[in-house]
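FYI, it's all coordinate maths here, none of it is from the lab. As the structure is a computational prediction, the values presented were derived from the model and not from experiment. Heads up, the Cβs are rebuilt from the backbone with ideal geometry, glycines too, and the neighbour counts pull from every protein chain shown.
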Amino acid sequence: MIDLFIPVRSLLKIGNVCTDNNVFRMHYKLTVMILLVFTLLVSTKQFFGEPIHCMSESDKDNDKEAMNSYCWIYGTYTLRNRLVGTQGKNMAYVGVGPDEGIQAEQIKHSYYQWVCFVLLAQAAMFYTPRYLWKMWEGGRLKGLADKLAGPLVSKIWAEHKRAELVSYLTYTNLYTHNMYALRYAFCEILNLVNVVGQIFLLDVFLGGAFRNYGAAVAAFTHVPKVPKNFLDFEAVNPMDLYFPKLTKCWFRSYGPSGTMQLKDRLCVLPLNIVNEKIFVFLWFWLIFLALVSAMAVLFRILVISMPPIRTLLIMSQLRFVKRKVISRIVKHFSFGDWFVLYLLGKNVNPLIYKDLIIEVSKELDKKPNNVCMV
């Protein structure tokens, strides 16, 4: 089983340079890894066998394989009027019983052959913002923080890098990083739009069943309802309602004399044991991720519009540096310049970063008092 997860182990690797935050990584690392693992689970036959097995009158039925393929491709159904009642009395199993041929009573199930493809497409969409940011970032931070992350202060810093970085931040590239920072903010917004869009996508995919699925399962699990009558669908386990393990399927064929033959089959869907739990987990995870992403976007807006917050964020990366030193830098720097400086704090030795902040502050003191309000 461990071999199944080898393709996703690369997502667990931590990069040498950090150019984003934890919320961003929850999208392109944790969520993508979860979706890929789910894709592997629903696409392997090692644990659950064939995805569908339709029962026949005899093990020697020549139409057995054709029946399985037909019902897998064209879908199966359960009956609304057989969802509530006593098994063995009112119905054979939940949703399964005598079919009177009323179309309105049939709940169609044809999503299951597409589950692995939808999960794989979701993984690709969750990685898209990361791909865009990685392309736009272009290795800039890696070039700036090269060989400065070690626990020991390198000679490179004292001899070359200090002057180069100070010059880069205060002269050669001052006020040129706004687009760099705005592209990152755009990717954060794209993460939020994507996760909200994924919720609606799954709801459409499951025929409107996803929007309340997790809440309904939680409510039913903690407080099972007793049906008031045979039409009280709220008392039905949502997992059995939307992901039935036993369904019905009609198969039409011609007999030896050319007469139409209708075969009513009971089909077992083993994969729905996994699907029902996958979508419960995704419901709670996507809701949580949407809330966290919305908070991240709101925080980004506050950081862009309120310089004092930028000062506090830089102070959280340093020790024994006066607030007025950092405030002076924030007043002179644009938001983009501050963003690059903040990312440097995540990727270089704390002693080097402290020295860099002090040197940048001294250089800015030498320049005319031009304050950037962006």
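Which of the pairs 108/277; 155/346; 134/324; 134/367; 142/367 have their Cα atoms more than 30 Å apart in this structure?
Working: 108/277 20 Å; 155/346 20 Å; 134/324 34 Å; 134/367 34 Å; 142/367 28 Å.
Going by Cα-Cα distance, 134/324; 134/367 fall outside the 30 Å limit.
Given the options 138, 75, 207, state which has the largest fluctuation in a GNM of the chain using a 10 Å cut-off (strictly under) for Cα springs.
138
With springs connecting C-alpha atoms under 10 Å apart, model the chain as a Gaussian network and identify which of 209, 163, 296 has the largest mean-square fluctuation.
Highest fluctuation of the listed residues: 163.
How large is the charge dipole for the chain, taken about the Cα centre, if only the Cβ atoms of Lys, Arg (+1) and Asp, Glu (-1) carry charge, to the nearest 20 debye? Walk me through the numbers on the way to the answer.
Working: 42 positive and 27 negative charges, 383 e Å.
The dipole of the chain has a size of about 1840 debye.
Mean separation of Cα pairs under 8 Å and 6+ residues apart, divided by the residue count of the range 176-328: what relative contact order is that in percent?
23
Most fluctuating residue of 143, 95, 336 in a GNM of the chain with Cα springs under 10 Å: which is it?
Top of the fluctuation ranking is 143.
Which of 18, 187 comes first, and how do the rest follow, when ranked by fewest Cβ neighbours within 10 Å?
Working: 18 16, 187 23.
The fewest-first ordering by Cβ neighbours comes to 18, 187.
Taking Cα pairs under 8 Å and at least six residues apart, what relative contact order does the range 273-374 come out at, in percent?
On the way: 55 pairs, mean separation 28.9, N = 102.
Relative contact order for the range 273-374 comes out at 28 percent.
Evaluate 2.2 N^0.38 Å with N set to the residue count of the chain, then give the Cα radius of gyration divided by it.
Taking the Cα Rg and dividing by 2.2 N^0.38 Å, one obtains 1.41.
Once the piece of chain linking residue 175 and residue 108 is laid out straight, how much longer is it, given 0.36 nm per residue of separation minus the C-alpha distance between them?
Once the chain is fully extended between residue 175 and residue 108, it gains 18.2 nm.
Alpha carbon centre of the range 111-151 versus the range 330-370: separation in Å?
So the separation of the two Cα centres works out to 28 Å.
Give me the one-decimal Kirkwood hydrodynamic radius in Å for the range 236-279, with the sum taken over alpha-carbon pairs. Can you show the working numbers first?
On the way: mean 1/r = 0.0807 Å⁻¹.
By the Kirkwood definition, the hydrodynamic radius is 12.4 Å.
When a footprinting reagent is the concern and you count Cβ atoms within 10 Å, what order do 55, 179 take, fewest first? Intermediate values should be presented prior to the final figure.
Values: 55 14, 179 10.
Result, fewest neighbours first: 179, 55.
Calculated from DSSP H runs of 4 or more alone, at -39500 (n - 2.57) each and per residue, what is the 222 nm mean residue ellipticity of the chain, nearest 500? Display every interim value, and only then the final one.
Working: 14 runs with 187 residues, N = 374.
-16000 deg cm²/dmol, from helical runs alone.
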